[in-house]
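These notes are about the structure you will find just below.
The values are calculated or read from the model by the stated rules, or taken from the named source; none is laboratory data. All values reported here derive from a predicted model rather than from experimental measurement. Cβ: placed from backbone, ideal geometry, glycine included. Neighbour counts: every protein chain shown. Heavy atoms of the whole protein, side chains included, go into the accessibility calculation; ligands, DNA and RNA do not. Shrake-Rupley method; radii C 1.70, N 1.55, O 1.52, S 1.80 Å.
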Amino acid sequence: MLHNLKARYWPFFAIAMLLALPAACNGETAQDFEVELFDGGRFSLSEQYTDNVVVVNFWYPSCPPCREEMPEFQRAWEELEEEPVRFLGLFVPRGFDTENTAREFVAELGLTFDFGTDHREAIATAYGIEFYPTTWFIDRGGKVAATFVSAMDAQRITEIVQGLQ
């Protein structure tokens, strides 16, 4: 019976493993966007990547892998915050999650990098986001360097950012 169960779920496992691999980097310029940050400031992608590597994480609070990886992003941010890098947690309203629940989650975990809301999923749609969490790494020339559809750990985030500086 266990063998039949494994065989039955193998296609789902294979798809999950493919989603965890980085998407092919095509070197295209990242589409510009601007959002209001939770702290009231503004974040314009094109203004940031001229001086910084930019890490954009698409997430929502009730997404289990998103919740799992947020402390890892905080650890990476704490290690990298003195370097030319900007992190943006881009909350995409899904299901019952609201900007208020996203703000509560950020406060509960003590997350200190930038957060904003992708109202009406406009940015996620433009970026072709289908699965969460998804993280985009954008180099200092504004080119998409890497995209990951999976929960990431601090070591991998840090390695990618340092490799782009």
Got at least one residue in the stretch 84-101 being surrounded by fewer than 16 Cβ atoms within 10 Å (Cβ to Cβ) and closer than 21 Å to F137 by Cα?
yes
Give, as residue ranges, the strands (runs of 3 or more DSSP E) completely inside the stretch 90-165 that count at least 1 residues that are in contact with a strand residue (DSSP E or B) (Cβ under 8 Å, 6 or more places away or on another chain) and over 21 Å from S44 (Cβ atoms).
144-149
From the residues in the stretch 111-129 that are of a type in the set (D, E, K, R) and touching a residue at least 40 places away in the same chain (Cβ under 8 Å), which one is most open to solvent (accessible area, probe 1.4 Å)?
D114
Answer yes or no as to whether F73 is open to solvent by less than 10 Å² (accessible area, probe 1.4 Å), closer than 19 Å to S46 by Cβ and of a type in the set (A, V, I, L, M, F, W, C).
no
Quick check on the stretch 55-74. Is at least one of its residues on the phi < 0 side of the Ramachandran plot, free of Cβ contacts under 8 Å to residues at least 60 places away in the same chain and of a type in the set (A, V, I, L, M)?
yes
Options T147, T134: the member that is of a type in the set (S, T, N, Q), out of contact with any Pro (no Cβ under 8 Å at 6 or more places or on another chain) and under 18 Å from E69 (Cβ atoms):
T134
Report, by residue number, each residue of the stretch 130-146 that is on the phi < 0 side of the Ramachandran plot and open to solvent by less than 20 Å² (accessible area, probe 1.4 Å).
P133, T134, T135, F137, I138, V144, A146
All positions within the stretch 100-120 that are more than 21 Å from F131 (Cβ to Cβ) and of a type outside the set (S, T, N, Q)
R103, E104, V106, A107, E108, L109, G110, L111, F113, D114
